[in-house]
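Notes follow once the structure below has been shown.
The values are calculated or read from the model by the stated rules, or taken from the named source; none is laboratory data. The model shown is predicted, which means the values in this text are computed figures rather than measured ones. Here the Cβ positions follow ideal geometry from the backbone for every residue, glycine too, while neighbour counts run over all protein chains shown. We work out accessible area using only protein heavy atoms, side chains counted, and drop any ligands, DNA or RNA first. Shrake-Rupley method; radii C 1.70, N 1.55, O 1.52, S 1.80 Å.
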Amino acid sequence: MKHAESTLITSAAVEVAAAGFSDQAIALEHALQRTRAFAEPLIAHETLDTGENTLQHADAVAAILRGIGGSEAMQAASYLVYACDYLNRPQEVITKAFGESYAALAVETTKLVKIQRLSRAVAGGNYISPAGSHISPGTASQTENIRKMLLAFSRDLRVVMLRLASRLQTLRHYAATKLPVPQAVAAESLQVFAPLANRLGIWQIKWEMEDLAFRFLEPDTYKTIAKQLDAKRIEREAAMAQLRTDLELQLQAAGVPASVQARPKHIYSIVKKMRGKQLGFDQVLDVRAMRVIVPTVADCYAALSYVHAQFAPMAGEFDDYIAKPKANGYQSLHTVVLAGGASTGSASTGAAPPRDAAPPRDAVESPVEIQIRTQAMHDHAETGVAAHWAYKEAGAKGYAGVSATGAYDAKIAVLRQLLAWQRDVSGGEGADNANASRANDVLDDRIYVLTPDAAIVDLPTGATPIDFAYAVHTNLGHRCRGAKVDGVLVPLNTQLHNGQTVDVTVVKEGGPSRDWLNLDLGFLASPRSKSKVRAWFNAIAITETIAKGREAVEKLLQREGKTSLKLDDLAAQLGFKTADDLFEVVGKDELSLRTIEQLFRPAEPVVDDDAQLLLKQARNAEKFKLQSSKGGVLVVGVDSLLTQLAKCCKPAPPDTIGGYVTRGKGVSIHRADCPNLRQLLVKDAGRGVDVAWGQPKAGASGGLPTYAVDVTVQASDRPGLLRDIAEVFSKEKAHVQSVQSQSTQGTVWMTVTVEVADASRLGKVLAAVGQVAGVHWVRRR
């Protein structure tokens, strides 16, 4: 559609117009006039992308709907659909003016029109002949289009009628104007919309749409068949008129009240039979056809008996669709007899001809198809399910003769036909095996099932009732405990099929079972359902981890006498956004409680000794000997000297170590190979002192003292890497004090601070870490 800026009505202006309508209660009998008056200023001077005037198109759509028995409300909605494109807020404005039902229908139909337009542009409008598959080579886009159509139809079944009527009018417009028809429009009409009308039994739309679309797609073939039909049209019509009159009079004379009509000839159906059965034009039996309408089913069989008594029936050409209706509800008796154009009896007296009378030669050579049905069957055959669409306007008391229960049953029946149509499109009758197989593969990855409220749910093939429950609502899936499929109790791992109605039983509270994630048990097929179940158990695990971390932190605060400290403030001091983030890493043992303890411990007192005095004492000692310091390090010639382990290299027994006398902080202990120690000694060699490890003393807990060392790891970043590395340290009895990591382009560098009593065991630990999947190298820092 064209969107002229001048015709785009502002929200305020439309609300004023809507207010005029909403002052009165919406009366159904006035809906058509009111919606047309509402839409006319918006669309009267606009054109569709087909070149047709928008208002004229809407008028024609309403007329088509009226012709097939569509309600006045449905006709009224045809104007609102085309007005949507010229409203700033169509849902809000139409709801205010006409109610939610009209707004939902108009907006849903407008969305679907846009989807179909986009799909045609992508697919390129490929066409398959009647003997081929119904899916065009633009498989992906066409399949997605069909799925979206199906789901849109399920939300409001009236969308089906509006789209069928609109497409038929588009074809009529092209036929009347003789404008070039986009192949995509004609192919979609023949391969998607016509099968839909067929499934719903709306023959009036089906036949006309097929003939028009085929005329545009194969004009030469269409003209050829049309010429053959017209070759002896005058002679044939005269003979058929005489036969029709005679048969009607004779049936009435025989006590069967009947009305006999000539049945129209549909070129596309003739072509399908010729190609499908490899017949010539003269071999197609329903080129000449009549329809007999009688009051009751008993009259149908009485009329059939009389016809077979008067004309020679052709073997194998009889079908009883009354006893065994078609899937779309069509009922009728079909028979083919040999009859001529001459009168078979006295029209004036109604006397039947003698049974042994020889029929005229042309009667023997001229087959005629006769369909026999009641008026109700005929109405259904012409308009299909149109009479049942009133469910949307029906309240609790029903509407238009359709009770609430009856409307629900009708809706279910229509939805099942829509599901059958979806399968028809993937591989229709007459499709060759290769094409049908290819087309079926396209749509076989999805199934559509119905809720108890008659809504369609889209699921992957192999889906179970649990998948169905999760597709409807996550909470429904969590609480699912049982299911009925088409009213029968089934196990929860039962695979569902197209068109089934599923009703799940739930508990008030509860969650999924871990068995649902067992692939061998087959409870879940949908990736979405599996992720929902995993998320449930992950949430439980995180909750438990947070509770564990909270308990540990609160106990620590009690020991330290810091119970008044706000937990969020503590988390902020440690670099976490929330207290739960702190509890989670503590619960996962990714953060040592000693890190928290260090926040509450006062710093070691600084000994304000003169560094030069210490050196003098060490150099002038009469006897050089190692004296023990408080840090477990022996310093040459000095007793009880303050020492500290350097943070740059973090020495630990049995590393070779060296000392450096700092200014005011005692002796700093480095590993002998520490680059920082070498630089310090280069600047001032006189400050170096000899040091060694003393005898280890038991700590407060009775174990050996531990020393913090840094380990550097380079690895490929992946989920669970930190957990795997931490597990190795835990198995090797190396407590992880802290972890710092940095990731760039898939590679992660970690600095892990661990506590060890003996650095000589670190080689074994590092070797084990190096075996972790994804680790490139690991070494002590």
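Can you spot a residue in the range 715-734 that is out of contact with any Pro (no Cβ under 8 Å at 6 or more places or on another chain), in a strand (DSSP E or B) and within 22 Å of THR595 (Cβ to Cβ)? No: the range 715-734 contains no residue that is out of contact with any Pro (no Cβ under 8 Å at 6 or more places or on another chain), in a strand (DSSP E or B) and within 22 Å of THR595 (Cβ to Cβ). Taking the criterion of being surrounded by fewer than 23 Cβ atoms within 10 Å (Cβ to Cβ), modelled with pLDDT under 85 and either under 26 Å from the mean Cα position of the chain (by Cα) or assigned to a helix (DSSP H, G or I) (or both), would at least one residue in the range 160-183 satisfy it? For the range 160-183, residues surrounded by fewer than 23 Cβ atoms within 10 Å (Cβ to Cβ), modelled with pLDDT under 85 and either under 26 Å from the mean Cα position of the chain (by Cα) or assigned to a helix (DSSP H, G or I) (or both): absent. Picking from residues in the range 240-295 that are under 47 Å from the mean Cα position of the chain (by Cα) and among the hydroxyl-bearing types (Ser, Thr, Tyr), the one that is modelled with the highest pLDDT is TYR268.
Number of residues in the range 743-768 that are free of Cβ contacts under 8 Å to residues at least 24 places away in the same chain and not in a helix (DSSP H, G or I): the value is 2.
One residue stands out among those in the range 247-263 that are out of contact with any strand residue (DSSP E or B) (no Cβ under 6 Å at 6 or more places or on another chain) and in a helix (DSSP H, G or I): the one that is surrounded by the fewest Cβ atoms within 10 Å (Cβ to Cβ), which is GLN252. Kindly evaluate THR95 against the criterion of being open to solvent by 20 Å² or more (accessible area, probe 1.4 Å) and at pLDDT 85 or above. Yes; evaluated as a whole, the condition is true for this residue.
Close Cβ contacts (under 8 Å, 6 or more residues apart or on different chains) running from residues in the range 557-586 that are in contact (Cβ under 8 Å) with a residue 40 or more places away in the chain to residues that are open to solvent by 50 Å² or more (accessible area, probe 1.4 Å) comprise GLU584/ILE542. One residue stands out among those in the range 769-781 that are crowded, with 17+ Cβ neighbours inside 10 Å and assigned to a strand (DSSP E or B): the one that is nearest to the chain's Cα centre (by Cα), which is VAL775. Selection of first residues in the range 308-327 that are in contact (Cβ under 8 Å) with a residue 60 or more places away in the chain and of second residues that are among the small types (Gly, Ala, Ser) and part of a loop (DSSP other than H, G, I, E, B), restricted to Cβ pairs under 7 Å at least 6 apart or on distinct chains, gives the following pairs, ordered by first then second residue: GLN310/ALA352. Within the range 451-467, residues that are over 15 Å from ALA525 (Cα atoms) have Cβ atoms under 6 Å from residues that are open to solvent by 10 Å² or more (accessible area, probe 1.4 Å) and not in a helix (DSSP H, G or I) in these pairs: PRO452/ASP503, counting only partners at least 6 apart in sequence or on another chain. For the range 94-114, give me the residue count where each residue is of a type in the set (Lys, Arg) and without any contact (Cβ under 8 Å) to a residue 60 or more places away in the chain. Residues in the range 94-114 being of a type in the set (Lys, Arg) and without any contact (Cβ under 8 Å) to a residue 60 or more places away in the chain: 2 in total.
Just so you know, in the range 533-590 the residues that are among the β-branched types (Val, Ile, Thr) and open to solvent by 70 Å² or more (accessible area, probe 1.4 Å) include one that is farthest from ASN518 (Cα to Cα), and it is THR563.
Of everything in the range 472-497 that's over 19 Å from ARG514 (Cα atoms) and touching a Leu at 6+ places or on another chain (Cβ under 8 Å), which residue is surrounded by the fewest Cβ atoms within 10 Å (Cβ to Cβ)? Filtering first and then ranking leaves VAL485. May I ask you to verify whether ALA60 is in a helix (DSSP H, G or I) and modelled with pLDDT of 90 or more? Spelling it out, ALA60 is indeed in a helix (DSSP H, G or I) and modelled with pLDDT of 90 or more.
Candidates are the residues of the range 191-207 that are modelled with pLDDT of 85 or more and closer than 12 Å to SER269 by Cβ; the one that is farthest from the chain's Cα centre (by Cα) is TRP207. Every test in (1) among the aliphatic types (A, V, I, L, M); (2) at pLDDT 75 or above; (3) open to solvent by 40 Å² or more (accessible area, probe 1.4 Å) is passed by ILE225 save one, and that test is (3).
Looking only at residues of the range 53-88 that are over 28 Å from GLY201 (Cβ atoms) and touching a residue at least 40 places away in the same chain (Cβ under 8 Å), we find that the one that is surrounded by the most Cβ atoms within 10 Å (Cβ to Cβ) is ALA83.
All conditions in (1) small (Gly, Ala, Ser); (2) in a strand (DSSP E or B); (3) more than 48 Å from the chain's Cα centre (by Cα) hold for GLY686, with the sole exception of (2). If you go through the range 480-511 and keep only what is touching a residue at least 40 places away in the same chain (Cβ under 8 Å) and not hydrophobic (A, V, I, L, M, F, W, C), you end up with HIS497, ASN498, GLY499, GLN500, THR501, ASP503. Here the condition is being open to solvent by 50 Å² or more (accessible area, probe 1.4 Å) and either at pLDDT 85 or above or in contact with a Phe, Trp or Tyr (Cβ under 8 Å, 6 or more places away or on another chain) (or both); of GLN331, GLN371, it holds for GLN331 alone.
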